[in-house]
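The structure under discussion appears below in the form of C-alpha cells.
The values are calculated or read from the model by the stated rules, or taken from the named source; none is laboratory data. Note that this is a predicted model, so its numbers are computed, not measured. Cβ sites come from the backbone with ideal geometry, for glycine too, and all protein chains shown count toward neighbours.
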Amino acid sequence: MNFNLSEEQLMIQQAARDFAQTELLPGVIERDNAQKFPHEQVKKMGELGLLGMMVDPKYGGAGMDSIAYVLAIEEIAKVDASAAVVMSVNNSLVCAGLEKFANEEQKMKYLKPLASGEVIGAFALSEPEAGSDATSQQTTAVDKGDHYILNGTKNWITNGGTATYYIVIAQTDPEKKHKGINAFIVEKGWKGFEIGPKEDKLGIRGSDTHSLLFTDVVVPKENRIGEDGFGFNFAMAVLNGGRIGIASQALGIASGAYELALKYAQTRKAFKTEIINHQAIAFKLADMATSIMAARMLCYKAAAEKDEGKDISEIGAMAKLYSSQVAMDTSIEAVQIHGGYGYVKEYHVERMMRDAKITQIYEGTSEIQKIVISRSIVKNSK
Ligand code: CAA
C-alpha cells in the first residue's frame, strides 16, 4: 500500500488550490447571497480541465485518475461548495456515464463538448414522487419507432438551468418495472422541454437547481443510452461514481471549515490567551482533524478501487455516508469555535454549515447509503 501522491496528483491539487483562492474566494459570499451561478469561474474550470477530469483526451477530457479528481474537488469545495457540485455532476454523473456507456457517435457529439467544458450537463433522475425510491419513475418515454415521446417532471436538478445537455431517466415499459427504464440524452431548447423556476435553497446557493418539465418532447432513438431497459442500471452505476464526487465535496467543506477554525483559534484571545490553549477548543480541533483524515482515506480508497475497476458501490457509499457526516459535524463545530463571529456571513463558516447539509441528501440520502452498504455486507457474507 502506497500513501504517497504522485507528482502529477500533487500538481493538480496545487492548481485547484490556487484556482480556488484566486478565482472562487473573491465573490463567494456575494454569490451565496444572490444565488448567483459562477458562470465565469466554471468557464475557467473547463479551461483548466476540471470539468472532464477523468475522460480520455480523445473525447475532450484531461485523462487523469480518480485520486486526482478527489484532490481537486476537495480543494474547490474548501472554498466554494457550489462550484464543487457543478464540477462533480458534470464529471461523475454526466461525463463518466457517457464515456462508459454511450456509443461512439454519442461520445463525439455530446461527451466532447461536455468534457472540455464548452458546455455543462445535468443528470435528471429525481422526481416529485421518486427521490430515494428511484425505481418509481413517473416520467414516461413512449416508443414510437424511430423516436420516443417524453412526458413528465424532474425535480431538484443540479445545473438545471445552465446545462446544455441533460441525461434524463424515464419509464418506457411500466410492466417491466426497473427493467423498463431508459436513459436519454436530451438537448436544451427541444420543443416541449421547459425549465422550471430556480429553487431557493438553504445551501449551495451558487449552484443552479431547477425542476424540468417535458411535454410531448420528441427524443430520437439514437439518443437512448445503451440497450433497451438499461436506464436504471445505468443510473445506479453512474451514481456509484457520483458518490465519490459528493464524498469529496463533503471532505472539502469539512477541511475548509477546519482550516478556518484552526486559524481563528490560533489568533483569537479569551481569558488572556489564544483560545487554542483552552482544552475545550483544542479537543474540538483534534476531533475534527481525526475525522477529516478518516474521511479522506475513505475517499482515496474508493477512488483507487474505481481506477482498479472494482465494484465501488459499497466503498463509494461508505465514503459518502461518512464524509457527509464529518462535513456536518465539523462545520457546526467551526461555527461554535468562531462564537458570535461564526454566525455572521463574513467568516464563511456559517455558509459551510448550510452547504454541508445537502451532502447528506443528494446522490442518495445517508439512509440510502446505509441500504446500499448493508445489502452489500449481507451479499458478501454469504
Ligand atoms: N450499483 C449497481 N447496481 C445497483 C445498485 C448499485 N449501488 N443499487 C441497485 N442496483 C441494481 C440492482 O442490482 C438491480 O439490478 P438487477 O435487477 O439488474 O439485478 C436494480 O438496480 C434494482 O435494485 P433493487 O432491487 O435493489 O432496487 P430498490 O428499488 O430496492 O433500491 C436503491 C434501489 C438502492 C434504493 C435505489 O433506488 C437508490 O439508489 N436510490 C437513491 C437514488 C439517488 O441516489 N438519487 C439521487 C438523485 S441524483 C442527484 O442527486 C444528482 C444531483 O443533482 C447532485
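Structure above, values below:
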read-out: Candidate set: the stretch 236-276, residues that are of a type in the set (S, T, N, Q) and touching a helix residue (DSSP H, G or I) at 6+ places or on another chain (Cβ under 8 Å); chosen: the one nearest to the ligand (Cβ to nearest atom); value: 240
read-out: Among the residues listed as 243, 296, 268, the single one being among the charged types (D, E, K, R) and farther than 13 Å from residue 323 by Cβ; value: 268
read-out: The stretch 312-324 residues that are within 9 Å of the ligand (Cβ to nearest atom), paired with ones that are outside any helix (DSSP H, G or I) (beta carbon under 9 Å, 6 or more apart); value: 317/364
read-out: Matching entry among 377, 368 (being part of a helix (DSSP H, G or I) and over 18 Å from the mean Cα position of the chain (by Cα)); value: 377
read-out: Of residues in the stretch 155-182 being touching a residue at least 60 places away in the same chain (Cβ under 8 Å), closer than 15 Å to residue 127 by Cα and buried (at least 21 other Cβ atoms within 10 Å of the Cβ), the one nearest to the ligand (Cβ to nearest atom); value: 158
read-out: Residue 233, sole failed condition from (1) part of a loop (DSSP other than H, G, I, E, B); (2) among the polar types (S, T, N, Q); (3) out of contact with any helix residue (DSSP H, G or I) (no Cβ under 6 Å at 6 or more places or on another chain); value: (1)
read-out: Residue in the stretch 189-197 that is touching a Ser or Thr at 6+ places or on another chain (Cβ under 7 Å) and more than 18 Å from residue 91 (Cα to Cα) present; value: yes
read-out: Flag for residue 205 being within 28 Å of residue 321 (Cβ to Cβ), charged (D, E, K, R) and assigned by the TED database to the domain that holds residue 368; value: no
